[in-house]
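Q: Below is a structure I'd like to ask you about.
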Protein chains: 2
Amino acid sequence: MRRSCFLTKGLGLAILAALAVVLVQGSALADPLKSLPAYNGKPAKYVFFFIGDGMANPQRASAEVYLQAVQKPGEVGMTKLAMSRFPAQGMTSTYSLNAVITDSAASGTALACGYKTKSGVISMDPAGKVKYKTIAALAKERGMKVGIISSVDIDHATPATFYANEPTRKNYYNIPKQMCESDFDYFAGGGIKRPEGKKHDQPNLYDLAREKGFATVFVREQFEDLKPGRRVMAFNAYLDNSGALPYEIDRDKSDISLAEFTELGIRLLDNPDGFFMMIEGGKIDWACHANDAGAAIHDTLAFDKAVQAALKFYEKHPSETLIVVTGDHECGGMTIGFAGTKYASFFDKLKNQNLSYQEFEVKLADWKKANKKDPSFEKVMPLVERHFGLRVVSKDELKILKAKAKDGDKEAKISLAMALSEREQAVLETALAQSMLDNKVRSKDEYTYLLYGGYDPFTMALTHTLNNKAGIAWTSFSHTGVPVPTSAIGLGNQLFNGYYDNVDVFKKTAAIMGLGQARTASAQ
Amino acid sequence: MRRSCFLTKGLGLAILAALAVVLVQGSALADPLKSLPAYNGKPAKYVFFFIGDGMANPQRASAEVYLQAVQKPGEVGMTKLAMSRFPAQGMTSTYSLNAVITDSAASGTALACGYKTKSGVISMDPAGKVKYKTIAALAKERGMKVGIISSVDIDHATPATFYANEPTRKNYYNIPKQMCESDFDYFAGGGIKRPEGKKHDQPNLYDLAREKGFATVFVREQFEDLKPGRRVMAFNAYLDNSGALPYEIDRDKSDISLAEFTELGIRLLDNPDGFFMMIEGGKIDWACHANDAGAAIHDTLAFDKAVQAALKFYEKHPSETLIVVTGDHECGGMTIGFAGTKYASFFDKLKNQNLSYQEFEVKLADWKKANKKDPSFEKVMPLVERHFGLRVVSKDELKILKAKAKDGDKEAKISLAMALSEREQAVLETALAQSMLDNKVRSKDEYTYLLYGGYDPFTMALTHTLNNKAGIAWTSFSHTGVPVPTSAIGLGNQLFNGYYDNVDVFKKTAAIMGLGQARTASAQ
């Protein structure tokens, strides 16, 4: 009797403990489909889900100030992006389960599955044990066709959260393998980062994709042969080391744009049962990590062109379409304001930049090889001027330029605006000296990291200098924790007004797609 | 005939030229009341118009992360402010007629009058010739009572745009003179900056206020004697050099809070014809200019408490009240992210700060006097540790602390978290050396400005160091050009969803107050 009583007590405690675990994990594990917001309209048949990676207010607003500077020089203001003209505009918090500043895996999981998870995890619970069903998979179950597009490698964290479940984003072979084995219909943009694995010893995943019935195309000219309904992987022929598309500012005519990939998606996926398409502007984030405003702005504009492609489709199917545009987090601590320029902005100066930090690094590497013996600041300046417009102007020249500028000489005005101050020159000279050192012997202290963030020191000093001259500054080489804007047009768009969390972006979209009802129905 | 024809031609050209002027200035001069958005509801009887000066997403989100860190330590997330829980949440662009980065005069004019103007101008056209009627004056014409409250001097740009018309915000005698001569009912918070003018040779404006029928009160104890309906100026007894309230983080029990001034306003102004009350959180901006996150967050929380006071009133009159909360611009280029802390945030470290940069400067000045002969870094550190928690820890101590912290010693953990790195110590030592110099001989070059922005170098280095350790960073000592959030609750709040310009905040509020109809009616 006593013993049994003791046992009962033990059992009771065990049950209590188990209950406590459930309670503690409860908020993380509660099925988000069971708490969808009310939506009584017709379920959306066509859903475009846009994610500007690293895109928050500063990125969008910078692109708008830049557009105005280019299109209406002299007229202060902001030329609104297509996404900024959507009727619904909300704000979204982005923190992950374990950090105020999220990574793209956790924020992607929140957007794709409606669950908060730990940074680094792809659509699974924080322990990496429970697989979360993605909104794309739910759409597929519903009979919709599904497309996933990204300007970075298609197996990068954000797109991965829509088709894969992995305990870590670093599983760079398993993730695209899940893509090849998925029943989705269209993957496009940047390609597979390591198609044969880290050690190049695994079966080639492009072969696997073809085995599984995907057509693989790499040039625009092949688009025409693709029939609607065909399962397709369409990646750009030229991809960078990571498998990503080139930066928009570097894009060659032969490179396929994010908008073109979106248009192809529409043509392939349009069918009587509708489609769900996720389109990521992933290189906005990468440009912001590198504190390159020029590259970030051009990629934001390219992303907005993809939004415009969706808008064109929406205009033909306004009563059946939903377009959502969100960001997964801010990146770089970008702002429209720099201490040195105080209240002034000179975004037109960014027009002098004609390549990304990444392409400049390539050119700089060539220059270094050719100038190993005497890598002087004077000698590198022609390269700098050619690609960033920045120039060294002597005191005597300065006087002449000022006189000419006063008389309205346009070229003189540009030279004055782009002339480096003594401080700026000193900063660049120090950075060049660091840049000339082999990466192994470069200074690795805290101060050096704050200046260059692990990027090529000279290139970083150049983008910082040009950005600051334009009136843009950065605080970090990582993401930040400020909220991001979310915009929507079409069916149920009103739900996207307000200030809400990233898991709510999933819930609102799912509600408008009628997914909650489907789930309830199938559970009965 | 020829001559007359010539004359006619001349006249024609003159008319054309005049027309061109009208067209060019057209957008600036068009009466905003003639383009109000549609609003078919009952006009709002009670209107609270809150402006967080320098308050954008980073300021609001920082306060929310801080609240969470204080109230729910260890649980990642954001505890939402009252304003963030309002049903309508929009984004507002803030540029002025001549600058992407506005000042408070131009943005105040846009919010108060619905017109874009040049930075620096108080509710007039850019030439300083045409006076714009403010929403407060329109409310007064409607028979509503009007109150204007600010935590900075009541004649500062933002509050001034609601009751004065001046070609420049610098007219620091004319502006409060217009306040005294106005028919408004309640002015409160910070006082008059220079009641007897710059040279102390003008009639005292407090006397003028009393002559004009205002009761003037300076301590909380006198509040009870004030009868509803009485015209009142209620300023805090203690005001700083500029006439502003103390920072919330420095507030003494005897100092009256922004929330208390709001509550007094409600008691005095509540009447059958309703009221319009503008409440400015002005010191958020000043703290951000000085890159002092601790002070900024506490003033944002104090501002939100004033919002809560209005909410209490709203809950009693939900069908007659509108509360709008906006910002006039961002300030400081604040972000939740610093290169050195990468993806981590440590907002709990801000709890170690117990005064504002301003109060610290006072204490530092005393210390300087006492330590003129040997102002060593070691000697100033006790003062620093007392007020910011930052401490110097030797390598040997570090080892001991790490061991203790590993065993769960709380004090050791704090010491470790607040220990200065070698780089941070070097930065502070340099700043102390600069600080010890007379302002006249301090370095004035570009580089020094970027570091200290004209503030006391040591104090600035301290707030920067503490903020950075918490994971907060800044890019400017001025405003920035990113959009600000606007929140609303009550009558017609839905109008405040979306992404719109600051002149639209005026228009939406005016529409919900029924002011457009009044104007049309009186014009007939």
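Q: Filter segment B:28-73 for residues that are in a loop (DSSP other than H, G, I, E, B), open to solvent by 10 Å² or more (accessible area, probe 1.4 Å) and within 22 Å of residue A:93 (Cα to Cα) and give the result.
A: Quick first cut of segment B:28-73, residues in a loop (DSSP other than H, G, I, E, B) only: B:30-31, B:36-45, B:53-56, B:72-73.
Next cut, open to solvent by 10 Å² or more (accessible area, probe 1.4 Å) only: B:30-31, B:36-43, B:45, B:72-73.
Residues satisfying the conditions are B:72, B:73.
Q: Sort out which residues of segment A:43-70 are facing another protein chain (nearest Cβ under 9 Å) and either polar (S, T, N, Q) or within 24 Å of residue A:145 (Cα to Cα) (or both), and write them in order of number.
A: A:57, A:62, A:68
Q: Identify the residue in segment A:239-255 that is among the hydroxyl-bearing types (Ser, Thr, Tyr) and under 17 Å from residue A:156 (Cβ atoms) and, among all such residues, is modelled with the lowest pLDDT.
A: Looking at the filtered set, the residue picked out is A:242.
Q: Residue A:152 - would you say it is in a loop (DSSP other than H, G, I, E, B) and hydrophobic (A, V, I, L, M, F, W, C)?
A: So residue A:152 passes the test.
Q: Any residue at all in segment B:456-464 that is in contact (Cβ under 8 Å) with a residue 24 or more places away in the chain, within 12 Å of another protein chain (Cβ to nearest Cβ) and among the aromatic types (Phe, Trp, Tyr)? Walk me through how you get there before you give the answer.
A: So in segment B:456-464, the residues in contact (Cβ under 8 Å) with a residue 24 or more places away in the chain come out as B:456-464.
Next, only the ones that are within 12 Å of another protein chain (Cβ to nearest Cβ) stay: B:460, B:464.
Those left that are additionally among the aromatic types (Phe, Trp, Tyr): none.
No.
Q: Give A:471, A:516, A:490, A:498 a once-over and let me know the one that is in contact (Cβ under 8 Å) with a residue 40 or more places away in the chain, in contact with a Leu (Cβ under 7 Å, 6 or more places away or on another chain), at positive phi and of a type outside the set (Asp, Glu).
A: Exactly one of A:471, A:516, A:490, A:498 is in contact (Cβ under 8 Å) with a residue 40 or more places away in the chain, in contact with a Leu (Cβ under 7 Å, 6 or more places away or on another chain), at positive phi and of a type outside the set (Asp, Glu), namely A:490.
Q: In the list A:178, A:202, which residue meets the criterion of being surrounded by 15 or more Cβ atoms within 10 Å (Cβ to Cβ) and without any contact (Cβ under 8 Å) to a residue 60 or more places away in the chain?
A: A:178
Q: Here are the criteria: (1) assigned to a helix (DSSP H, G or I); (2) within 17 Å of residue B:186 (Cβ to Cβ); (3) open to solvent by 10 Å² or more (accessible area, probe 1.4 Å). Tell me which single one residue B:268 does not satisfy.
A: (3)
Q: While we're on this one: I want to confirm something. Restricting to segment A:105-160 and keeping residues that are among the charged types (D, E, K, R) and open to solvent by less than 10 Å² (accessible area, probe 1.4 Å), which single residue is nearest to residue A:183 (Cα to Cα)?
A: A:155
Q: Keeping to segment B:334-359, report how many residues are among the charged types (D, E, K, R) and touching an Asp or Glu at 6+ places or on another chain (Cβ under 9 Å).
A: Going through segment B:334-359 one residue at a time, the tally reaches 1.
Q: Now for a separate question. Hey, among the residues in segment A:489-509 that are of a type in the set (A, V, I, L, M) and over 23 Å from residue A:116 (Cα atoms), which one's nearest to the chain's Cα centre (by Cα)? Walk me through it before giving the result.
A: So in segment A:489-509, the residues of a type in the set (A, V, I, L, M) come out as A:489, A:491, A:495, A:503, A:505.
Okay, now just the ones that are also over 23 Å from residue A:116 (Cα atoms), so A:489, A:491.
Values: A:489: 21, A:491: 25 Å.
Among those residues, the one meeting the criterion is A:489.
Q: Scanning segment B:383-440 for residues that are of a type in the set (D, E, K, R) and in contact with a Phe, Trp or Tyr (Cβ under 8 Å, 6 or more places away or on another chain), which turns out modelled with the lowest pLDDT?
A: Result: B:423.
Q: Please work out if residue B:472 is β-branched (Val, Ile, Thr), more than 12 Å from chain A (Cβ to nearest Cβ) and buried (at least 23 other Cβ atoms within 10 Å of the Cβ).
A: So residue B:472 does not fit the description; no.
Q: Taking segment B:90-114 on its own, how many of its residues are in contact with a helix residue (DSSP H, G or I) (Cβ under 6 Å, 6 or more places away or on another chain), more than 14 Å from chain A (Cβ to nearest Cβ) and touching a residue at least 60 places away in the same chain (Cβ under 8 Å)?
A: Qualifying residue count for the region: 4.
Q: Shifting gears a bit: Going by the conditions given, is residue A:303 more than 12 Å from chain B (Cβ to nearest Cβ), part of a helix (DSSP H, G or I), in contact with a helix residue (DSSP H, G or I) (Cβ under 7 Å, 6 or more places away or on another chain) and buried (at least 24 other Cβ atoms within 10 Å of the Cβ)?
A: On the way: more than 12 Å from chain B (Cβ to nearest Cβ): yes; part of a helix (DSSP H, G or I): yes; in contact with a helix residue (DSSP H, G or I) (Cβ under 7 Å, 6 or more places away or on another chain): yes; buried (at least 24 other Cβ atoms within 10 Å of the Cβ): yes.
The answer is yes for residue A:303.
Q: What residue, of B:431, B:405, B:412, B:461, is farther than 22 Å from residue A:446 by Cβ, surrounded by 15 or more Cβ atoms within 10 Å (Cβ to Cβ) and of a type in the set (Gly, Ala, Ser)?
A: Result of the check over B:431, B:405, B:412, B:461: B:412.
The values are calculated or read from the model by the stated rules, or taken from the named source; none is laboratory data. No experiment lies behind these values; they were computed from the predicted model shown. When we count neighbours, we look across all protein chains shown, and the Cβ atoms used for this are built from the backbone with ideal geometry, even at glycine. To get the accessible areas, we keep the full protein, side chains included, count just its heavy atoms, and leave off ligands, DNA and RNA. Shrake-Rupley method; radii C 1.70, N 1.55, O 1.52, S 1.80 Å.
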